[in-house]
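Structure first, commentary second.
The values are calculated or read from the model by the stated rules, or taken from the named source; none is laboratory data. Please read all numbers here as calculations on a predicted model, not as lab measurements. Note that we place each Cβ from the backbone using ideal geometry, even for glycine, and neighbour counts take in every protein chain shown. Each accessible area value is taken on the protein alone, full model and side chains, heavy atoms only, with ligands, DNA and RNA left out. Shrake-Rupley method; radii C 1.70, N 1.55, O 1.52, S 1.80 Å.
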Amino acid sequence: MRILILGAGKMGSFFTDLLNFEHEVAVYDQEPQRMRFTYNCARFSSLEEVKQFEPQLLINAVTMKYTIEAFRAVMPFLPQQCIVSDIASVKTGLREFYEGCNHPFVSSHPMFGPTFANLNQLSNENAIIIAEGDYMGRIFFRDLYNKLGLNIHEYTFEEHDRTVAYSLSIPFVSTFVFAAVMKPQDAPGTTFKRHLNIARGVLGEDDFLLREILFNPYTAEQVGHIRDELNALLDIINDKDAEAMKQYLTKIRTNIITVR
């Protein structure tokens, strides 16, 4: 296939490296210097070059804040039959965009990123493919993610947003609370340092991404669960209730065992 990748950031470069030996790949980025380390692919600095390339598949890997804007900029230069796709972790506005774009589409979410994941060993990672997408597009990404050893799940847009509200907002909010009460430590313990490294990684993410994950319509419910658990734990601590603490620890250990 002729595949155009929008954006030469970390994930755009990852997909370029992944695809460029089996497909004819081209990369477009508004900042040409970001493409200087891309290999075995065409590098475009003008959308007119996209028109000449005639891609069969477009993978939009630009920063989430500009995903739809990038789609709109490139649309006039795409063949009508080109499948358009995104890998955004938040799908806000994308379903509505796809409904009016007059192109076959596929939307997926590789549930890993360069901040924490080992991109050379992804067998413990997951990917979501949106069920409403084009059949052939879904097959392409299913085959691609299978080759990476990812655990693949097919959800609707709504099911995806509910999953993200759970799997991203809970650790993100927990990290925010940890960072909010942070103070300098002369002799931090191992657990503290590990949490601190996670906090630095999460807070190194783009502000727009963090905001959109927290503004997901299903996030408030999950944050409410965190608040309720903190209140219950605070009651146990204030009462110094050893039996209640034992029961609480048993409960949360069971939760960890049952989660993959």
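Taking the condition of being open to solvent by less than 20 Å² (accessible area, probe 1.4 Å), over 14 Å from I87 (Cβ atoms) and not in a strand (DSSP E or B), how many residues in the range 9-37 meet it?
The total comes to 3.
Out of the range 137-160, which residues are in contact (Cβ under 8 Å) with a residue 60 or more places away in the chain and of a type in the set (G, A, S)?
G137 - this is the single residue of the range 137-160 that is in contact (Cβ under 8 Å) with a residue 60 or more places away in the chain and of a type in the set (G, A, S).
Six or more apart or on different chains, Cβ under 8 Å: which pairs go from a residue in the range 58-75 that's hydroxyl-bearing (S, T, Y) to one that's open to solvent by 40 Å² or more (accessible area, probe 1.4 Å) and assigned to a helix (DSSP H, G or I)? Could you list them?
Hits for this filter: T63/F208.
When the residues of the range 205-259 are narrowed to those that are within 30 Å of G9 (Cα to Cα), open to solvent by 70 Å² or more (accessible area, probe 1.4 Å) and not in a helix (DSSP H, G or I), which ends up modelled with the lowest pLDDT? Steps first, please.
Initial filter on the range 205-259 (within 30 Å of G9 (Cα to Cα)): 205-219.
Right, trim to open to solvent by 70 Å² or more (accessible area, probe 1.4 Å) and you get 207, 211, 215, 217.
Filter again for not in a helix (DSSP H, G or I), leaving 215, 217.
Numbers: F215: 90, P217: 86.
This residue is P217.
Is it the case, given these coordinates, that Q52 is open to solvent by 30 Å² or more (accessible area, probe 1.4 Å), in a helix (DSSP H, G or I) and of a type in the set (S, T, N, Q)? Write out each step before concluding.
Details: open to solvent by 30 Å² or more (accessible area, probe 1.4 Å): yes; in a helix (DSSP H, G or I): yes; of a type in the set (S, T, N, Q): yes.
Taking the combined requirement at face value, the residue satisfies it.
Name every residue in the range 21-75 that is in contact with a strand residue (DSSP E or B) (Cβ under 8 Å, 6 or more places away or on another chain) and among the aromatic types (F, W, Y), in order of residue number.
Y28, F44, F53, F71
Checking the condition under 21 Å from D17 (Cβ atoms) and surrounded by 17 or more Cβ atoms within 10 Å (Cβ to Cβ), which residue from F157, F172, F140 passes?
After applying the criteria, what remains is F140.
Could you list, in sequence order, all residues of the range 28-50 that are within 18 Å of P76 (Cβ to Cβ), polar (S, T, N, Q) and in contact with an Asp or Glu (Cβ under 9 Å, 6 or more places away or on another chain)?
Result: S45, single match.
Taking the condition in contact with a Phe, Trp or Tyr (Cβ under 8 Å, 6 or more places away or on another chain) and either of a type outside the set (K, R) or open to solvent by 90 Å² or more (accessible area, probe 1.4 Å) (or both), does V74 pass?
On the way: in contact with a Phe, Trp or Tyr (Cβ under 8 Å, 6 or more places away or on another chain): yes; either of a type outside the set (K, R) or open to solvent by 90 Å² or more (accessible area, probe 1.4 Å) (or both): yes.
Yes, satisfied.
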